[in-house]
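First comes the structure, then the notes that go with it.
The values are calculated or read from the model by the stated rules, or taken from the named source; none is laboratory data. Note that the structure is predicted; figures quoted are calculated from it, not measured. Methodologically, a virtual Cβ is constructed for each residue, glycine included, from the backbone with ideal geometry; neighbour enumeration extends over all protein chains shown. Areas reflect the complete protein model, heavy atoms only, side chains present, ligands, DNA and RNA absent. Shrake-Rupley method; radii C 1.70, N 1.55, O 1.52, S 1.80 Å.
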Amino acid sequence: MADIIYTLCGGTYINITNKCPCRCTFCIRSQGNAVGDAENLWFYGNEPSLDEIKKAVDAYGFEKIDSVCFCGYGEPTERLDVLIATANYLRTINPSIKIRINTNGLSDLINGRSTAKEIGEAFDIVSVSLNDPDSDSYDAVTRNIYPTKAFPALLEFTKECAKYCPEVHMSVVDVIGEENIEKSRKLAESLGAKFICRSFDEGR
Ligand code: SF4
């Protein structure tokens, strides 16, 4: 079994799925050459049950952890029920823990319904990867299975999340250039999200 809980640069992360409707050009899932620590995040089709995730949480000692992020080699909202149940379980163990999700923002398309309220209420921070400020560029870089629909869906999801979650972020990486960074900033802020521009070295 792959690692359900892992640490990276001092942060604690929870990996619940390898499924994702995107095939981002920069993602290690697309490159198929995960090595070292990254290799430990592949479930090879045997994704953990909620009971297995709870056991991993119990063994980790979250009583002493300040914050945790749901982010693995997949899109966490692919397993929405397990995701929310795990977040709620973490709060029973540590009511003051700050819980974040890194998401592609496509949960509404993945789950076939509006999901922002339940996600926004379950997390302290929802961080959505914007990648690019327009639909065509977004589809080109994410190679998602919902061309033309994905970009408007992630904007709607972000806007709705901002109604329910205390902190919503939208991120890009600086490789898109100054003009697109500024367009992305305006877009994120118009949706009620805090804009984050990461350097290429930090990743998306
Ligand atoms: S959305 Fe995230 S997990 Fe999915 S392919 Fe893109 S970078 Fe990888």
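Observations on the model:
- Flag if D132 is acidic (D, E), open to solvent by 20 Å² or more (accessible area, probe 1.4 Å) and at pLDDT 95 or above: no
- Selection within the stretch 4-31 - open to solvent by less than 30 Å² (accessible area, probe 1.4 Å), within 11 Å of the ligand (Cβ to nearest atom) and in contact with a Gly (Cβ under 9 Å, 6 or more places away or on another chain): N15, T17, N18
- Residue within the stretch 76-92 that is within 11 Å of the ligand (Cβ to nearest atom), open to solvent by less than 10 Å² (accessible area, probe 1.4 Å), part of a helix (DSSP H, G or I) and in contact (Cβ under 8 Å) with a residue 40 or more places away in the chain present: yes
- Residue list for the stretch 135-174, filter: open to solvent by 20 Å² or more (accessible area, probe 1.4 Å), of a type in the set (S, T, N, Q) and not in a helix (DSSP H, G or I): T148
- Residue count, the stretch 93-114 (criterion: more than 13 Å from Y13 (Cβ to Cβ), within 16 Å of the ligand (Cβ to nearest atom) and not in a helix (DSSP H, G or I)): 4
- Each residue in the stretch 36-75 was checked for being part of a strand (DSSP E or B), more than 11 Å from A2 (Cα to Cα) and small (G, A, S), and 2 pass.
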